[in-house]
Amino acid sequence: MKAIMFDFDGTLTIKSPNIWKAIWENLGYETGKGSYFSMLFIMFLTKDITHQKWCDLTCEKFMEKGLHKDLVKSITKQIRLNDGATETFKTLKEMGYSLHIISGNFKSVIKEVLGENAKYFDSINANEFEYDKNGYVVGIKGTNYDFEGKAHFITEFKEKNNMPAKDICFVGNGDNDEWAHLSGCRTLCVNPENTDITNKTKWHHAIENVTNLTQILPEFEDNQME
Ligand SMILES: [Mg+2]
């Protein structure tokens, strides 16, 4: 068996808001240069805070403004899958691939956006909201698998399944996907954003303008994965 690991935002979706940024903004916070939002991101990148600490500090701010699941839902409605998604997932499953999502979004949001398509995925790995009984956010359980964690997920997966790295392909679009190649897997960049596709160490292949997800299918025809 072979496996494909997908990033979610900007890879499976198109022209959609980033959920994190959208929540901060909808709660009335600044997200520009020098904002607390942007400062937390930099502190995470420079390893001054862990991913979980980043989630905790963010959650504190969300709780100060009383983030309710209704707001998360209304932002979720603005996120849309790229055209051809269902056909792509179905075809890849029929070809025998195991499909996974490794994302910095939230599990509940991804499942909602995928709808019926969720059945094609063997695992969905992302952050999780914790709500109280009235629907207010009281915690964020951070994923271990964003940024360099994406490579950790793939490494753990290949060891657990005794699968050679060459049988795994990661499909992503952005700067938080640039670590995936460290697992030794193949990488494919679609609709690149803040990442350099001329860097062939990080991105083995790239398709710049994917307006229909079926455009990636030729990459996965049998001989392509060898
Ligand atoms: Mg992305």
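Neighbour counting of Cβ atoms within 10 Å sorts the residues 171, 138, 72, fewest neighbours leading, into 138, 72, 171. Peptide packing: for 83-89, 6-12, the average count of neighbouring Cβ atoms within 10 Å per residue gives the ranking 6-12, 83-89, highest mean first. May I ask for the net charge around residue 181, where only other residues with Cβ less than 14 Å from the Cβ of residue 181 are counted and Lys, Arg are +1 while Asp, Glu are -1? Result for the local shell: 0.
Within the same chain, lysines fewer than 8 places from residue 61 are excluded, and of the rest, those with a Cα less than 17 Å from its Cα are 21, 53, 69, 141. Across the range 19-76, Cα pairs under 8 Å and at least six residues apart give a relative contact order of 41 percent. Of the trypsin sites (Lys or Arg not before Pro) found in the range 78-162, the ones in coil according to DSSP and having at most 13 other Cβ atoms within 10 Å of their Cβ are 80, 133.
Proximity of backbone amide H atoms, modeled 1.01 Å from N, is registered between residue 207 and 189, 190, 191 at under 5 Å, excluding neighbours fewer than 5 places apart on the same chain. Ratio to report: Rg/Rh of the range 19-76, with Cα atoms as the point set and Rh obtained by the Kirkwood method; give two decimals. My calculation of the ratio gives 0.97.
Note that the range 92-109 has calculated 3J(HN,Hα) couplings of 5, 5, 5, 6, x, 7, 8, 10, 9, 10, 10, 9, x, 8, 10, 4, 5, 5 Hz, one per residue in order, obtained from phi through the Karplus relation 6.51 cos²θ - 1.76 cosθ + 1.60 (θ = phi - 60°); glycine and proline are x. In order along the range 204-209, the phi-based Karplus estimate (6.51 cos²θ - 1.76 cosθ + 1.60, θ = phi - 60°) of 3J(HN,Hα) comes to 6, 9, 8, 10, 6, 10 Hz; Gly and Pro are listed as x.
Model label points for residue 200 and residue 83, set 7 angstrom from Cα along the Cα-to-Cβ axis, are 3.3 nm apart.
The charge dipole of the chain, taken about its Cα centre with unit charges on the Cβ atoms of Lys, Arg (+1), Asp and Glu (-1) only, comes to about 360 debye. For the range 137-152, 3J(HN,Hα) computed residue by residue from phi via the Karplus equation (6.51, -1.76, 1.60; θ = phi - 60°) reads 5, 10, x, 10, 8, x, 6, 7, 10, 10, 6, 5, x, 5, 5, 4 Hz, glycine and proline entered as x. Less than 5 angstrom separates the built amide H of residue 83 from those of 213, all sequence-distant by 5 or more or on a different chain.
Below 8 Å between Cα atoms, with a sequence gap of 6+, how large is the relative contact order for the chain in percent?
Dividing the mean separation by the residue count of the chain yields 24 percent.
When only the Cβ of Lys, Arg, Asp and Glu is charged (+1, +1, -1, -1), the dipole of the range 132-226 relative to its Cα centre reaches about 280 debye. Between amide H atoms placed 1.01 Å from N, distances below 5 Å from residue 49 occur with 44, all of them 5 or more places distant or on a separate chain.
Any read-out appearing in this document is the output of simple, stated calculations on the displayed coordinates, not a laboratory observation. Just so you know, these numbers come straight off a predicted model, no measurement behind them. Ideal geometry is used to build each Cβ from the backbone, glycine not excepted, and the neighbour counts take in all protein chains shown.
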